[in-house]
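Chemist: Let me give you the structure first, and then I'll get to my questions.
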Amino acid sequence: MAQTNKSNKNLLNTELSIQISLSGLSFCVLDKNVNTISYLKTIEFDKQLIPLEVLDQLKHYFSTEEVLQQPFTEVKVIHDNNLSTLVPKSLFDENYLADYLKFNSKILRTDFITYDSISINDSINVYVPYININNFIFEKFGDFTFKHVSTVLIEEILKTEKNLETAKAYVNVSKDHFEILIVKNSKLLLYNSFAYQTKEDFIYYILFTLEQLELDPETISLIFLGEIDTDDELYIITYKYIRLVFLGNREDNFKYNTDAQPASNQYNYAIIKSF
């Protein structure tokens, strides 16, 4: 009997990725044996929650979604918040994590701070994960890996643009916030995250970012990723002020079950690219 169980375990090769923010959750399951995304689900909350309420939501979906109750060979968590900052690897000192963050993020003395190493541009991403989420996932699955959403975006976009010579802007859109990355000559010029309530907030932050880097809205290409389409008011107002606006493409090579197919090529970028 033990030998049979071991054989079944060897046949199992299913990974789970979870993206956590205060405004929603996303789940994605990859069956690596057939290179197929078998489950993809995004939940948007009616309002921003506190981390304790997000944990309650997470527990609810684990208890009600049958596919999330299977064993996984690997579990990944993506922490999606604005509590992060990039530090050049040559200047990084692990003893000063709070000092790096306090200049651009509101942190508490009790916050747990960690970091990701981003080898593609020799930087360190210092951030505050949702530690209550991490504790729950560890209790449920044991060892798992976690990253900040900006780590995934920076790694994947720099890989995509490894031969880029001109400047290009990437904007990853979520319900109430977005991440913006400016890349030029295959290097990251800027990463930032902004919360927005209106389309006017949205375009203001994008144009402000371009202005700070002295980039011309008439000539720079802007690529949208995430939850946005051409009929979205955010896309429409951006196209009004920036001439070259495009929807991005994950360029993944996964197959998808019928009910797990993303709505568009730019949707669910970070969680699918986490595999």
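The values are calculated or read from the model by the stated rules, or taken from the named source; none is laboratory data. As the structure is a prediction and not an experimental result, all values here were calculated from the model. Quick reminder, even Gly has a Cβ in these numbers, built from the backbone with ideal geometry, and neighbours come from all protein chains shown. Note: accessible area is taken over every heavy atom of the protein model, side chains too, but ligands, DNA and RNA are not part of it. Shrake-Rupley method; radii C 1.70, N 1.55, O 1.52, S 1.80 Å.
Chemist: Please work out if GLU218 is out of contact with any helix residue (DSSP H, G or I) (no Cβ under 6 Å at 6 or more places or on another chain), surrounded by fewer than 19 Cβ atoms within 10 Å (Cβ to Cβ) and either without any contact (Cβ under 8 Å) to a residue 24 or more places away in the chain or not acidic (Asp, Glu) (or both).
Modeler: no
Chemist: Working carefully through the options LYS162, LYS147, LYS140, find the one that is open to solvent by 40 Å² or more (accessible area, probe 1.4 Å) and assigned to a helix (DSSP H, G or I).
Modeler: The unique qualifying residue is LYS140.
Chemist: So PHE178 clears everything in (1) over 24 Å from LEU244 (Cβ atoms); (2) open to solvent by less than 10 Å² (accessible area, probe 1.4 Å) except one condition, right? Which one?
Modeler: Result: PHE178 fails condition (1) only.
Chemist: List the number of the failed condition for SER264; all other conditions in (1) at negative phi; (2) among the polar types (S, T, N, Q); (3) in contact with a Pro (Cβ under 8 Å, 6 or more places away or on another chain) hold.
Modeler: (3)
Chemist: Take segment 246-262 and flag every residue that is closer than 21 Å to LEU16 by Cβ and open to solvent by 60 Å² or more (accessible area, probe 1.4 Å).
Modeler: The answer is ASN253, LYS255, ASN257, THR258, ASP259, GLN261.
Chemist: Please find, among ASP116, ASP111, the residue that is charged (D, E, K, R), in contact with a strand residue (DSSP E or B) (Cβ under 9 Å, 6 or more places away or on another chain) and either surrounded by fewer than 20 Cβ atoms within 10 Å (Cβ to Cβ) or at pLDDT 95 or above (or both).
Modeler: ASP116
Chemist: For VAL171, state whether it is modelled with pLDDT of 95 or more, more than 20 Å from TYR235 (Cβ to Cβ) and either open to solvent by 70 Å² or more (accessible area, probe 1.4 Å) or of a type in the set (A, V, I, L, M, F, W, C) (or both).
Modeler: In short, no.
Chemist: Here is a further query. Could you list all residues from segment 224-275 that are more than 25 Å from PHE208 (Cβ to Cβ) and among the basic types (Lys, Arg)?
Modeler: Across segment 224-275, the qualifying residues are ARG250, LYS255, LYS273.
Chemist: With SER63, SER38 as the choices, which residue is more than 19 Å from the chain's Cα centre (by Cα) and in a strand (DSSP E or B)?
Modeler: SER38
Chemist: Search segment 48-70 for residues that are aromatic (Phe, Trp, Tyr) and pair each with any residue that is open to solvent by 40 Å² or more (accessible area, probe 1.4 Å) when their beta-carbon atoms are under 9 Å apart and the residues are at least 6 apart or on different chains.
Modeler: TYR61/LYS41; PHE62/GLN69; PHE62/LYS140
Chemist: Given the conditions (1) free of Cβ contacts under 8 Å to residues at least 24 places away in the same chain; (2) within 21 Å of the chain's Cα centre (by Cα), which single one is not true for TYR239?
Modeler: For TYR239, the exception is condition (2).
Chemist: Would you check which residues across segment 7-37 are within 21 Å of ASN253 (Cβ to Cβ), surrounded by fewer than 17 Cβ atoms within 10 Å (Cβ to Cβ) and hydroxyl-bearing (Ser, Thr, Tyr) and list them?
Modeler: THR36 - this is the single residue of segment 7-37 that is within 21 Å of ASN253 (Cβ to Cβ), surrounded by fewer than 17 Cβ atoms within 10 Å (Cβ to Cβ) and hydroxyl-bearing (Ser, Thr, Tyr).
Chemist: Would you call VAL87 buried (at least 17 other Cβ atoms within 10 Å of the Cβ) and either under 21 Å from the mean Cα position of the chain (by Cα) or at pLDDT 95 or above (or both)?
Modeler: yes
Chemist: Could I ask something else about it? Please tell me if ILE133 is under 28 Å from ASP232 (Cβ atoms), of a type outside the set (Ser, Thr, Tyr) and open to solvent by less than 40 Å² (accessible area, probe 1.4 Å).
Modeler: No.
Chemist: Here is a further query. Name the residues in segment 38-60 that are within 24 Å of GLN70 (Cα to Cα) and either surrounded by 15 or more Cβ atoms within 10 Å (Cβ to Cβ) or at pLDDT below 95 (or both), would you?
Modeler: SER38, TYR39, LEU40, LYS41, THR42, VAL54, LEU55, GLN57, LEU58
Chemist: Taking segment 37-53 only, how many residues are out of contact with any Phe, Trp or Tyr (no Cβ under 7 Å at 6 or more places or on another chain) and either more than 23 Å from THR14 (Cα to Cα) or small (Gly, Ala, Ser) (or both)?
Modeler: Matching residues across segment 37-53 total 10.
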